[in-house]
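Heads up: the structure comes next, in structure tokens.
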Amino acid sequence: MTLALTIGILVTGGVYLLLQRGMVRIVLGFVLLSHAVNLLLLSSGVTSRRDAPLMDRADPATAADPLPQAFVLTAIVIAFAITIYMFTLAVARTDDDTEDPS
Amino acid sequence: MSAALLPLIVAVPLLAAAALAVLDRSRPVRQTLLMAPSAAVLATGLYLVWLTRDGAVLVDNVALWPDGIAIPFVVDVFTALMISATALLALVCSAFAIVTGTADTQYFSSLVLTLTAGVFGALMTGDLFNMFVFIEVMLLPSYGLLAMNGGLNRLKAGRLYVAVNLLTSTIFLAGVGLVYGVTGTVNLGELAGLAKQDPLVAAAAAVCLLALSVKAAVVPVHGWLTRAYPATSPAVTALFSGLHTKVAIYAIYRLYAVLFDGDSRYLWIGLLTVSVTMVIGVLGAVGQSTTRSILVFHMISQIGYILMGVALFTPLGLMAGIFYLIHHMFVKASLFLSTGAIEHVYGDSRLDRLGGIARREPLLAVAFIGAALSLAGLPPFSGFVAKLTLVTAAVDAQQWGAVAVAVAVSLITLMSMLKIWGTAFWGSPPDDPDTVDGSTTMVKVRARLVAPALVLTATTLCLGLGGEVLLGLASQAAAGLIDTSAYVEAVIRP
């Protein structure tokens, strides 16, 4: 439940920021949104099982599902790279924050 | 060929890209490294078509992980056809970029190779999460390519493009998460048919399909394409037009066939959206005044045609759709390359500033009009075969609305192509001294700048005259989508 609420709040904030004019705010919106999706991915494994999923050491009934965590790790790396690139676009040449005459 | 070599199709372009990032000082080395991997993949792709022509499915599970955890690379005849078409396009567009000098920009070659590696990976993967990863591998270099060496407009287009695609990827990732949450797997083989049985899985998979529809630029989520593509350089537009949206279309075909098992309950949604896409795309083109923006709107309209195959989901419909997809990749890129050549030499793509090019550039005019007639669907080009099969399939399925839309839209397409032809190629040059005048300016399009477009126009002519070969392969590919058991069997137990 806590996880669902957190995802909801993050998506709300993310969408609000995405709809802003300035590029920096849009990037921050994406940061929130990708956190939301990462939590969604985490919650697709059963979150109540939290033992380290080590072969032959953990009880499969209580061990966490490692696959969603691997997904999240991959997604974080990709989101991080794109965030940096988007910040570069935000500072290059012009500032979108101001009114656009065209 | 052993299936264990399949990952090389992704690895070789990636390694070449890495090598290019270091070795981009010398021009010959750079050009060879840019062209060689695509040429090698083209040869491999054609060989794979030969291997899979009777419906065989090649699978390799990377890194020897047990089934279900491993990363499967799967090639059936549909995949093999797409790999070959993609590699040919990458080759031709790279050649165009080399001739126009776009390829001399630092890292351009590396980015193009990474892009193609991502495309090949996305085509071959048999795993939903890896499809996301490969689509990202394809998109990351595209962000750079779209925004590189241009003015403010290009930068703005780059921002739009990144924002839309990142949002779409996030939605796709959420869809993958939901699918995993409901089913506990992301392996396409294990997911087969689940969306037909369980509405929850269908809802989760629909989130993925929605994201792919945005990437394929289906109306009403097409707005980003018409703004981003005309702003970038001609070579990049041609490359993107052939690769990006088409990968998304391929994924829609694949996912709907495997996950939904062609469930007929949802097909009306598809038919409705593709009809709207065809109409809105073609009408949008009417109001445009530069060659590239007209072509970009037509691309959206044509995407409606291609997706009509999956919306019908009959053997004939799928065959027509797959044929249309391959045909469209060549024709659209050819049009972008021939108008791109004009833009590169005459420095303008606005119709009111061009005129009399046909007399001055007969070769270029042939390349353009061939592809334009093919796009509108006139014989003897491949567009005629594609449209005829598609309309026949729609008649067979008794979807009269879709038939009417498809025929009417082709007429408007022809009108729009004639608009470019009539003003830029045939029209008299404008009086304004700043504008391009076919009779007084000294510039001329060099033959090697026309060659890439000409090669693709020749391909569409060959596909039209010898349509039987590709139709046979497309029919085999369609059979693989109707009955996915061979694909599923291969992915689960390689």
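What number, in percent, do you get for the relative contact order of segment B:3-492 if the mean sequence gap of Cα pairs under 8 Å and at least 6 apart is divided by its residue count?
So the answer I get is 16 percent.
For segment B:341-379, the residues whose backbone nitrogen is under 16 Å from a point 7 Å from the Cα of B:C462, taken along Cα to Cβ, are B:371.
Size descriptor for segment B:1-142, Kirkwood hydrodynamic radius: 15.3 Å (Cα pairs only, one decimal).
Comparing Cα centroids, segment B:137-165 and segment B:198-227 end up 21 angstrom apart. Largest mean-square fluctuation among A:M86, A:M23, A:M55, in a Gaussian network model of chain A whose springs join Cα atoms under 10 Å apart, belongs to A:M55. Helix B:447-465 axis versus longest C-alpha principal axis of chain B: approximately 50°, rounded to the nearest ten. In what order do B:I252, B:I303, B:I412 fall by count of nearby beta-carbon atoms within 10 Å, going from fewest to most? The most exposed by this proxy come first: B:I412, B:I252, B:I303.
Counting Cβ atoms of other protein chains within 10 Å of each residue's Cβ and taking the mean over peptide B:118-130 gives 1. Between B:L418 and B:Q398, what is the FRET efficiency for a Förster distance of 45 Å, r being their Cβ-Cβ separation, to the nearest 0.05? It comes out at approximately 0.90.
Near B:T125, the amide H atoms lying under 5 Å from its own belong to B:V74; only residues 5 or more places off or on other chains count, and H is placed 1.01 Å from N. Rounded to the nearest 10 degrees, the inclination of helix A:2-18 to the longest alpha-carbon principal axis of chain A is 20 degrees.
At q = 0.11, 0.16, 0.18, 0.23 Å⁻¹, what is the base-10 log of I(q)/I(0) for chain A according to the Debye formula with one equal point scatterer per Cα and no solvent? Please give it to two decimals. Those come out to -0.47, -0.77, -0.89, -1.15, one per q. The order of the peptides B:464-475, A:10-21 by mean Cβ neighbours within 10 Å, most packed first, is B:464-475, A:10-21. Legend: calculated FRET efficiency, B:R350 to B:T105, from the Cβ-Cβ distance at R0 = 22 Å, rounded to 0.05, equals 0.35. Averaged over peptide A:62-70, the number of partner chain Cβ atoms lying within 10 Å of each residue's Cβ comes to 2. On a 0 to 90° scale, report how tilted helix B:108-124 is relative to the longest principal axis of chain B, with both axes built from alpha carbons and the result rounded to the nearest 10. Between the helix axis and the principal axis of chain B, the angle is about 40 degrees.
Once you compute Rg and the Kirkwood Rh from C-alpha atoms, what is the Rg to Rh ratio for chain B?
Here the Rg-to-Rh quotient is 0.96.
Panel note: the C-alpha atoms of the protein assembly as shown, placed on their principal axes, show extents of 83, 56, 48 Å (largest first).
What's the FRET efficiency of B:D263 with B:A479 using the Cβ-Cβ distance as r and R₀ = 22 Å, to the nearest 0.05? Don't skip to the answer; put the middle values down first.
Working: r = 18 Å, r/R0 = 0.82.
E between B:D263 and B:A479, to the nearest 0.05, is 0.75.
Residues B:Y305, B:Y250, ranked from the fewest to the most other C-beta atoms within 10 Å, line up as B:Y250, B:Y305. Look at the stretch A:83-92: the mean tally of other chain Cβ atoms within 10 Å of its residues' Cβ atoms is 3.
Sorted from fewest to most neighbouring beta carbons within 10 Å, what does the list B:H344, A:H35 look like?
Details: B:H344 21, A:H35 18.
The order, fewest Cβ neighbours first, is A:H35, B:H344.
Each value in this text was obtained by applying a stated rule to the coordinates, not by laboratory testing. No experiment lies behind these values; they were computed from the predicted model shown. Every residue, glycine as well, gets a Cβ built from its backbone with ideal geometry; the counts of neighbours run over all protein chains shown.
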